[in-house]
């Protein structure tokens, strides 16, 4: 593609591909294939150099910076000829080795070319700044082009998926993977922008406004859903200022001719624990800090809150501001999104009231009654605020917390609670309210996005929490890392099946190796019968089970019998851990304290029954189907089989199973996001 053809991309062209003159000059650089080598280096990882001699398993290289080094023969790697400099598809290189890939990504990145192919993969390096490569001109430039006909771009991946969908009449998926902070969410937005723009171009006429439905194009609606989902589902983590703490699979549906029909969003595993706990360098969900900006003073009054997050210890355990985020601007976006998405004024104030009530929960205080192990309220002021916001009676709520009624045999008895038990109940309830409200908002968004137009195919975009290793890893981390493990296996399997077909076509005889099996050990350890999840679920059935009995069962079953299950190596200053798992992306130490409780996720039924009768319609609706432990209780056919409840891990496994089935029925496209440096510095690439 010469400079002439690049003109269709307008001013963005320079960020997509270097001018031809520059490329020809680069290709004529003198080069001697016999002596051009990379050599390993302690500080820089690899340096470019010229081979001086090799003998007796050693090699001597003079680096371009002028120093001469002698290393083991394994530590030098052949360099590619200059015609491969900044190559767009690294699979084309003569020598595909680690330094060649690193230098190629680094040199492209330095020239602001953030997208590069590696075979079936599109690799993108987070630029940490806005690049002008996403406007309508660029969208039009990628429209209908084959992958090899245009420079690498997320739009090219998107357009190919769209073309495949129409020609092969098959659903597609775009899997956006990478660690936390690598730019998955931003690239997800770009993919949606592309389909919405292209799908709208496909000869659609303006839709007639329908009463009760939100106005604006489907693209506007899908894009409007984002600020609301991000306010309630994204937070600052150690690695990333705007980290999605839930997974989402966004399906965009098209009619037979490729015209945009509608969309829906499936979400996975919101990290509830963040509502009541944050690490020192982190922040809770953005919405709390947005409300406290005081940008809408009438809301401060309505929610009985101040503008000082430190008045609410539950949401100020870490940081309260984020450098890269303007909470006022984001709040305006969230508030507007709620309106665009068609929530009524009544629902909107209810959403805010429940969010405010969650904040107040961390301020409730209980003290021990003299001479007995019984909790009683230490002042009722906070409870009165919560009750007012949630449409409850304050005295009833406190009584239900301190003296819940439980079923023993066939009768209902009042059961005393200690202070820690009450505090745990308060924390469990506010996490539950937050999560149910989040899931209800997703359902409502999906109702809004459903146009009832005929749908033939979909393209799904998957954006899930990245693989992470914290100092302290709990059950949530295990679920996130397990999801990534499954996706990696899916990718490996897909790649090798495709390569196998290529080889068959070319008549090459070869032994098929399924690299997906490398991951099987860890995956089976987690999900197979007698694996980690099944032992956890079994322990949840035993009334006398403890963290220790759970730990012992895990060790008895797996230690020494499964290579992926190891004893953590203790080190000074390292958080306590109970077992280590060897994941594909690294070995992670897990701490199992409180897993049985997290997994059972019990709620105080007496309080839930108050919620069901709340004068706040939204709250009563959120808990209408909640079955109580007395059996029955919920209107919808009582409880699951034989009085057993569904644990967090069982529900998670069920959702993940559905997702994998969904993905296997599509033609997948892969985008891999990379973090260039830990300091979020534009243009800097740490090796």
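Assuming residue 87 fulfils every condition listed in (1) free of Cβ contacts under 8 Å to residues at least 60 places away in the same chain; (2) surrounded by 17 or more Cβ atoms within 10 Å (Cβ to Cβ); (3) within 27 Å of the chain's Cα centre (by Cα) apart from one, which condition is it?
(3)
Going residue by residue through the range 482-494, is there one that turns out to be at pLDDT 90 or above, within 19 Å of residue 577 (Cβ to Cβ) and in contact with a helix residue (DSSP H, G or I) (Cβ under 6 Å, 6 or more places away or on another chain)?
yes
Out of all the residues in the range 24-36, which are within 27 Å of residue 152 (Cα to Cα) and out of contact with any helix residue (DSSP H, G or I) (no Cβ under 9 Å at 6 or more places or on another chain)?
24, 25
Among the residues of the range 329-342, is there at least one that is in contact with a strand residue (DSSP E or B) (Cβ under 7 Å, 6 or more places away or on another chain), outside any helix (DSSP H, G or I), closer than 26 Å to residue 447 by Cα and in contact (Cβ under 8 Å) with a residue 12 or more places away in the chain?
Scanning the range 329-342 turns up no residue that is in contact with a strand residue (DSSP E or B) (Cβ under 7 Å, 6 or more places away or on another chain), outside any helix (DSSP H, G or I), closer than 26 Å to residue 447 by Cα and in contact (Cβ under 8 Å) with a residue 12 or more places away in the chain.
Could you go through the range 193-204 and let me know if any residue there is buried (at least 20 other Cβ atoms within 10 Å of the Cβ), modelled with pLDDT of 85 or more, touching a strand residue (DSSP E or B) at 6+ places or on another chain (Cβ under 8 Å) and closer than 27 Å to residue 286 by Cα.
No, the conditions are met nowhere in the range 193-204.
Output the residues belonging to the range 134-155 that are part of a loop (DSSP other than H, G, I, E, B) and touching a residue at least 24 places away in the same chain (Cβ under 8 Å).
134, 135, 143, 150, 151, 152, 153
Anything in the range 276-301 that is part of a helix (DSSP H, G or I) and over 17 Å from the mean Cα position of the chain (by Cα)? List them, or say none.
The answer is 276, 287, 288, 289, 290, 291, 297, 298, 299, 300, 301.
List, please: which pairs have Cβ atoms under 9 Å, are six or more places apart or on different chains, and start with a residue in the range 485-506 that is at positive phi and touching a residue at least 60 places away in the same chain (Cβ under 8 Å) and end with one that is crowded, with 16+ Cβ neighbours inside 10 Å and not in a helix (DSSP H, G or I)?
Going by the 9 Å Cβ cut-off, there are no qualifying pairs.
Restricting attention to the range 220-227, does a residue exist that is modelled with pLDDT of 90 or more, within 30 Å of residue 277 (Cα to Cα) and in a helix (DSSP H, G or I)?
yes
For residues that are in a loop (DSSP other than H, G, I, E, B) and modelled with pLDDT of 95 or more, scanning just the range 345-373, find the one that is surrounded by the most Cβ atoms within 10 Å (Cβ to Cβ).
Checking each candidate, the answer is 364.
Go through the range 374-405 residue by residue and tally those that are part of a helix (DSSP H, G or I), in contact (Cβ under 8 Å) with a residue 40 or more places away in the chain and closer than 21 Å to residue 434 by Cβ.
Count: 7.
Considering only the range 234-247, state which residues are within 12 Å of residue 185 (Cα to Cα) and either assigned to a helix (DSSP H, G or I) or in contact with a strand residue (DSSP E or B) (Cβ under 7 Å, 6 or more places away or on another chain) (or both).
234, 242, 243, 244, 245, 246, 247
For residue 286, which of the numbered conditions (1) surrounded by fewer than 21 Cβ atoms within 10 Å (Cβ to Cβ); (2) closer than 30 Å to residue 680 by Cα; (3) in contact (Cβ under 8 Å) with a residue 40 or more places away in the chain fails to hold?
Every condition holds for residue 286 apart from (1).
All but one of (1) in a loop (DSSP other than H, G, I, E, B); (2) buried (at least 17 other Cβ atoms within 10 Å of the Cβ); (3) modelled with pLDDT of 95 or more hold for residue 619; which doesn't?
Among (1) in a loop (DSSP other than H, G, I, E, B); (2) buried (at least 17 other Cβ atoms within 10 Å of the Cβ); (3) modelled with pLDDT of 95 or more, the lone unmet condition for residue 619 is (1).
From the list 55, 5, 25, which residue is without any contact (Cβ under 8 Å) to a residue 24 or more places away in the chain, over 41 Å from the mean Cα position of the chain (by Cα) and within 21 Å of residue 86 (Cβ to Cβ)?
Just one listed residue meets the conditions, 25.
Of the numbered conditions (1) part of a strand (DSSP E or B); (2) out of contact with any helix residue (DSSP H, G or I) (no Cβ under 9 Å at 6 or more places or on another chain); (3) under 26 Å from residue 130 (Cβ atoms), residue 107 fails exactly one; give the number of that condition.
The single condition residue 107 does not satisfy is (1).
Of the residues that make up the range 455-467, is at least one surrounded by fewer than 16 Cβ atoms within 10 Å (Cβ to Cβ) and touching a strand residue (DSSP E or B) at 6+ places or on another chain (Cβ under 9 Å)?
No: zero hits.
Given the criteria in a strand (DSSP E or B), within 18 Å of residue 103 (Cα to Cα), in contact with a strand residue (DSSP E or B) (Cβ under 6 Å, 6 or more places away or on another chain) and without any contact (Cβ under 8 Å) to a residue 24 or more places away in the chain, does residue 60 qualify?
Against the criterion (in a strand (DSSP E or B), within 18 Å of residue 103 (Cα to Cα), in contact with a strand residue (DSSP E or B) (Cβ under 6 Å, 6 or more places away or on another chain) and without any contact (Cβ under 8 Å) to a residue 24 or more places away in the chain), residue 60 does not qualify.
Which condition number in (1) in contact with a helix residue (DSSP H, G or I) (Cβ under 9 Å, 6 or more places away or on another chain); (2) touching a residue at least 60 places away in the same chain (Cβ under 8 Å) is the one that residue 44 fails?
So the condition that residue 44 fails would be (1).
Return the residues of the range 568-591 that are touching a residue at least 60 places away in the same chain (Cβ under 8 Å) and assigned to a loop (DSSP other than H, G, I, E, B); say none if nothing qualifies.
574, 575, 577, 584, 585, 591
Just a yes or no: is a residue in the range 68-76 part of a loop (DSSP other than H, G, I, E, B) and either surrounded by fewer than 18 Cβ atoms within 10 Å (Cβ to Cβ) or in contact with a strand residue (DSSP E or B) (Cβ under 6 Å, 6 or more places away or on another chain) (or both)?
no
The values are calculated or read from the model by the stated rules, or taken from the named source; none is laboratory data. Owing to the predicted nature of the structure, the values given are computational and were not obtained by experimental measurement. Methodologically, a virtual Cβ is constructed for each residue, glycine included, from the backbone with ideal geometry; neighbour enumeration extends over all protein chains shown.
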